[in-house]
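Please read the structure below before turning to the comments.
The values are calculated or read from the model by the stated rules, or taken from the named source; none is laboratory data. All values reported here derive from a predicted model rather than from experimental measurement. Cβ atoms come from the backbone with ideal geometry, glycine included; neighbour counts cover every protein chain shown. Ligands, DNA and RNA are excluded from the accessible area calculation, which covers all protein heavy atoms including side chains. Shrake-Rupley method; radii C 1.70, N 1.55, O 1.52, S 1.80 Å.
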Amino acid sequence: MPSSLQTPKAYLNHAGASLMPPAVRQAMVDHLARESVLGGYAAAAAMAPELDAVYTDAAQLMGCEADEVALTTGHASGWREVVGSMHFEAGDRILVARSEWGGNYAALTHIAQRTGARVEVIPCTADGTLCLTQLAQMMDARVRLISLTWLPANGGLIQPAQQVGALARAAGVPYVLDAAQALGQLPVDVRALGCDVLTAPGRKWLRGPRGTGLLYVRRDFMAQLVPNTVDQYSAPYRDGAYHLRADAKRFETSEACMAARLGLGVAIRQTLAMGVETIQAKVRERAECMRHALSAIEGVQLQDLGTERSALVAFTVKGMPASVVRAHLMTHGVDVAVNGLSFTPLDMAARGLHNVVRASAHTDTRDEEIEALVTALTHLTTKP
């Protein structure tokens, strides 16, 4: 590690970008060395079995087939590619939960402004969970898409993704599931979830490198999707014409960082080896430990919604902007995140929040790291 980098005393931003395990980093370094000797194309050819295995391992992780998997540069790139290839027109309805990720909501708003479609918010219950009864009542022939962020970015809420999938399937409505905070933290089975599309980055709970991601597209749904642009990889040339690929790689391009993909592959295999259920139990225990400790600090208010909660712990400090809280924590070697209004604009506005501090632990987060967070916050709230 370069001497200019200082390791935090407590790293509690795994929901933003988790710390890569040594084996993930080494796989990337090894391939960069391979490229420096063989060149990018020969190096990729030498690692073809390992690169192909990323698709099969990802399919195992998500409960699908390898031809339904595309490798992307993150959640947003895959999500935009698929949703951007869907057709909307005036009067069409797009349904989202109040906790929809701001990037998705921005893209859907842009589509609505361009096409005349409408983005409508599904009402939620008192604890922030979308109301399944209201969703069922909203379904009609003009609903063209349900877009759901499974685990919202601004706290511990877990949306009922599988029940939404059942309603979408019954109505024949396309269902796109943002699993950015779920994949690697919760067990994922796309068949049981009933989603047509699922997206996630590699950098969060999978502990892969930034700039990687996974896209699942249900095989039967894929035929309805024609990307806005193609190249010779996504639409190979044969018999005098370009033919769109039949698999999810129609959403890939000919260029990619192979070192990052190999790192992602190692991260996926390590996740599978540990077992997602084991990871879920451990990070949930760490999160509840933080919630219990934070609730005892005067002036600190937990901002998590839901009943069964994820490992994302959101809080505010009375009378202090989240940016000031984070700056104080950083001076004590505690790295957390700040989520502003743009992250989940509908939910934050509804709750009168401008920003929250978010702390997130992974399986190897130590008691001492949580204690460092609590000590620093106690110092902040009690100093004159």
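Quick rundown of the values:
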quantity	calculated
The stretch 250-300: number of residues that are among the charged types (D, E, K, R), within 30 Å of Gly39 (Cα to Cα) and open to solvent by 40 Å² or more (accessible area, probe 1.4 Å)	2
Hits in the stretch 65-123 - residues which are open to solvent by 10 Å² or more (accessible area, probe 1.4 Å), among the hydroxyl-bearing types (Ser, Thr, Tyr), in contact with a strand residue (DSSP E or B) (Cβ under 7 Å, 6 or more places away or on another chain) and under 25 Å from Leu167 (Cβ atoms)	Tyr105, Thr109
Where a residue in the stretch 245-257 is among the aliphatic types (A, V, I, L, M) and its partner, wherever it lies, is open to solvent by less than 30 Å² (accessible area, probe 1.4 Å), with Cβ under 7 Å and at least six apart	Ala248/Glu68; Ala248/Val69; Ala248/Ala70; Ala248/Leu215; Ala248/Val217; Ala248/Met222; Ala256/Leu71
Residue count, the stretch 347-375 (criterion: crowded, with 18+ Cβ neighbours inside 10 Å and either without any contact (Cβ under 8 Å) to a residue 24 or more places away in the chain or not β-branched (Val, Ile, Thr) (or both))	12
The stretch 225-247, residues that are aliphatic (A, V, I, L, M) and within 21 Å of Met86 (Cβ to Cβ)	Leu225, Val226, Val230, Ala235, Leu244, Ala246
Enumeration of residues in the stretch 184-193 that are open to solvent by less than 10 Å² (accessible area, probe 1.4 Å) and of a type outside the set (A, V, I, L, M, F, W, C)	Gly184, Gln185
Top-ranked residue in the stretch 186-210 [being within 12 Å of Ile268 (Cα to Cα) and not hydrophobic (A, V, I, L, M, F, W, C); ranked as nearest to the chain's Cα centre (by Cα)]	Pro201
Matching residues, the stretch 47-62, being in contact (Cβ under 8 Å) with a residue 40 or more places away in the chain and either in contact with a strand residue (DSSP E or B) (Cβ under 9 Å, 6 or more places away or on another chain) or over 20 Å from Gln185 (Cα atoms) (or both)	Met47, Glu50, Leu51, Ala53, Val54, Ala58, Leu61, Met62
Leading residue by the ranking (surrounded by the most Cβ atoms within 10 Å (Cβ to Cβ)) among those in the stretch 224-249 that are among the hydrophobic types (A, V, I, L, M, F, W, C) and over 21 Å from Thr56 (Cα atoms)	Leu225
The stretch 211-224, subset in a loop (DSSP other than H, G, I, E, B) and at negative phi, residue nearest to the chain's Cα centre (by Cα)	Thr212
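So that you can scan it fast, the table gives a plain yes or no per residue for (1) on the phi > 0 side of the Ramachandran plot; (2) among the aromatic types (Phe, Trp, Tyr); (3) open to solvent by less than 10 Å² (accessible area, probe 1.4 Å):
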{"position": "Gln134", "(1), (2), (3)": "no, no, no"}
{"position": "Ile146", "(1), (2), (3)": "no, no, yes"}
{"position": "Trp150", "(1), (2), (3)": "no, yes, no"}
{"position": "Ala171", "(1), (2), (3)": "no, no, no"}
{"position": "Pro174", "(1), (2), (3)": "no, no, no"}
{"position": "Leu177", "(1), (2), (3)": "no, no, yes"}
